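Let me begin by presenting the structure, written as structure tokens, before commenting on it.
The values are calculated or read from the model by the stated rules, or taken from the named source; none is laboratory data. As the structure is a prediction and not an experimental result, all values here were calculated from the model. Positions of Cβ are backbone-derived with ideal geometry, glycine not excepted, and every protein chain shown enters the neighbour counts.
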Amino acid sequence: MRRRVVVTGIGMVTPLGPDVESTWSALCEGQSGIGPIERFDPTGFPVRFAAEVDVSSADDEGQLKLDLTERALAEALAMAGPIASSPARIGVCMGSEAARPSLGVIGRRYRLAQVPERGEIERAAPQAPSKYVAERVGAMGPTTTISTACTSSSQAVGEGGLRIRRGEVDVMVVGGADLLVNPVMVTGFSLLGALSTRNEDPSAASRPFDKHRDGFVLGEGAGVLVLEELESARARGATILGEITGFGCSCNAYRITDSPPDGRGAAQAMELAIADAGLAPEDIGYVNAHGTSTPMNDVSESRGVRKVFGDHAVPVSSTKSMMGHLVAACGAVEAIVSLLAVRDGVLPPTINLDTPDPECRVEHIPFVAREARIQHALTNAFGFGGSNGSLVVSRFA
């Protein structure tokens, strides 16, 4: 009999708020967390806005990422309550990219011939959040890091659930964290032509599926989920928030920065996730789209959605319109958002959808959240490099 994977704790820090409920409330109200960059002086940069989180002004980006991870983890653990499993039956899987020192830090070190401290090097490693979480919860089971760009934490949630299903562990702490608002990344993504340049109106810059979209908005944040095997959670009387019922992943085998126009890789991941959950497409009541607001991605994903759902007009929205793109953290944060949509019967909107692109023909939820009691939601994350991850989250019954 297949072991069931339930969620007993969630925590997140986003540009919309320092915790789950403040972020969820802002999403349901259609608020934007995007504004002028404050982390550094963006004068002279082609893009001068982003979706920042409230962190200290320290130069050590690795430490800032761990700070975000700790805040999301603390909220998730407080919600989950004391975990009863032995350390060997607890695992960790986090999505993360390497921390990137700012140009100012690099310049000062060069001038002063400074060597980075050992701790700073360790904190910059992509596996730092996973190791930190393992130490914090005393996990002695499998501890891994997934670094597949924008798909990282979606795959972390999915892989964590698979380990519980297979009986390797009873508890997995999963999620992701990323901080991208620095001169290096703003410059890099600008050179790729991937970022919106609406400097005059930042809150309107992220506009997934809109005909006049011109790129994504850099965001940052962290999301953490406590996953447990059902009977383990029941035995300790934990409150069950929902269930991870399906996971699918694929690769586009196309171009490293582009999605295939026909959406085949996205469709494959969605089909696998729905089949893994033992569902049919018409059972899905909501799709939380990857929806980056880039011209190619939105068309590709829309075509993938139509391939999978056909005539089933499943409601679709992109919360990146309000939070920006959290990259390695987006999959975990949007999985939490999808759980909340199932929990509350509220589907968050896509804001800034003034003129829907006719090439993105899906059932949009524009501007205003929609009330709908659903049993299952699908959430997508598609990354640079061609990786695709889809998760099905369900109401616990």
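Is it the case that ASP41 is modelled with pLDDT under 95, charged (D, E, K, R), in contact with a Pro (Cβ under 7 Å, 6 or more places away or on another chain) and assigned to a loop (DSSP other than H, G, I, E, B)? Steps first, please.
Working: modelled with pLDDT under 95: yes; charged (D, E, K, R): yes; in contact with a Pro (Cβ under 7 Å, 6 or more places away or on another chain): no; assigned to a loop (DSSP other than H, G, I, E, B): yes.
Spelling it out, it is not the case that ASP41 is modelled with pLDDT under 95, charged (D, E, K, R), in contact with a Pro (Cβ under 7 Å, 6 or more places away or on another chain) and assigned to a loop (DSSP other than H, G, I, E, B).
How many residues are in contact (Cβ under 8 Å) with a residue 60 or more places away in the chain and either surrounded by fewer than 23 Cβ atoms within 10 Å (Cβ to Cβ) or assigned to a loop (DSSP other than H, G, I, E, B) (or both) when one looks only at segment 289-303?
8
Hey, any hits in segment 47-54 for a residue that's β-branched (Val, Ile, Thr), more than 30 Å from SER190 (Cα to Cα) and modelled with pLDDT of 95 or more? Reasoning before the result, please.
Going residue by residue through segment 47-54, those that are β-branched (Val, Ile, Thr) are 47, 53.
Applying the additional criterion that residues be more than 30 Å from SER190 (Cα to Cα) yields none.
No - not one qualifying residue is present in segment 47-54.
Taking into account only those residues within segment 118-164 that are aliphatic (A, V, I, L, M) and more than 19 Å from the chain's Cα centre (by Cα), which is surrounded by the fewest Cβ atoms within 10 Å (Cβ to Cβ)?
Applying the filter and picking the extreme gives ILE121.
Among the residues of segment 30-69, which ones are surrounded by 21 or more Cβ atoms within 10 Å (Cβ to Cβ), among the small types (Gly, Ala, Ser) and farther than 23 Å from ALA125 by Cβ?
Hits for segment 30-69 are SER32, GLY33, ALA50, ALA51.
Under 29 Å from LEU195 (Cα atoms), free of Cβ contacts under 8 Å to residues at least 60 places away in the same chain and not aromatic (Phe, Trp, Tyr): does that describe ARG306?
Judged against the criteria, ARG306 is a match.
Quick grid of which residues meet (1) among the hydrophobic types (A, V, I, L, M, F, W, C); (2) in a loop (DSSP other than H, G, I, E, B):
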{"position": "ASN199", "(1), (2)": "no, yes"}
{"position": "ARG207", "(1), (2)": "no, yes"}
{"position": "ARG213", "(1), (2)": "no, yes"}
{"position": "LEU225", "(1), (2)": "yes, no"}
{"position": "GLU228", "(1), (2)": "no, no"}
{"position": "ALA238", "(1), (2)": "yes, yes"}
{"position": "CYS249", "(1), (2)": "yes, no"}
{"position": "PRO260", "(1), (2)": "no, yes"}
{"position": "VAL287", "(1), (2)": "yes, no"}
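Pick from ASP311, ASP276, ASP258, ASP283: which is of a type in the set (D, E, K, R), out of contact with any strand residue (DSSP E or B) (no Cβ under 8 Å at 6 or more places or on another chain) and either crowded, with 22+ Cβ neighbours inside 10 Å or farther than 30 Å from PRO202 by Cβ (or both)?
Within the list ASP311, ASP276, ASP258, ASP283, the selection yields ASP311.
Of the residues PRO366, PRO349, which single one is under 17 Å from the mean Cα position of the chain (by Cα) and farther than 21 Å from ILE244 by Cβ?
After ruling out the rest, the residue left standing is PRO349.
Among the numbered conditions (1) under 22 Å from PRO15 (Cα atoms); (2) among the aliphatic types (A, V, I, L, M); (3) at pLDDT below 95, tell me where LEU191 comes up short.
Single failed check for LEU191: (1).
Within segment 114-161, take every residue that is closer than 23 Å to ASP60 by Cβ, of a type in the set (A, V, I, L, M) and in a loop (DSSP other than H, G, I, E, B) and give me the one that is modelled with the highest pLDDT.
The qualifying residue modelled with the highest pLDDT is ALA125.
Quick one: GLY167 ticks every box in (1) surrounded by 24 or more Cβ atoms within 10 Å (Cβ to Cβ); (2) farther than 27 Å from ARG71 by Cβ; (3) of a type outside the set (Lys, Arg) except a single one, so which number is it?
(1)
One line per residue, one yes/no per condition, for (1) within 21 Å of GLU75 (Cβ to Cβ); (2) among the charged types (D, E, K, R):
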site	(1), (2)
THR144	no, no
SER147	no, no
GLN155	no, no
GLY161	yes, no
ARG166	no, yes
VAL174	yes, no
VAL181	no, no
MET185	no, no
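Would you please name the residue that is surrounded by the most Cβ atoms within 10 Å (Cβ to Cβ), looking only at residues in segment 181-237 that are touching a Phe, Trp or Tyr at 6+ places or on another chain (Cβ under 8 Å) and of a type in the set (Gly, Ala, Ser)?
Checking each candidate, the answer is SER206.
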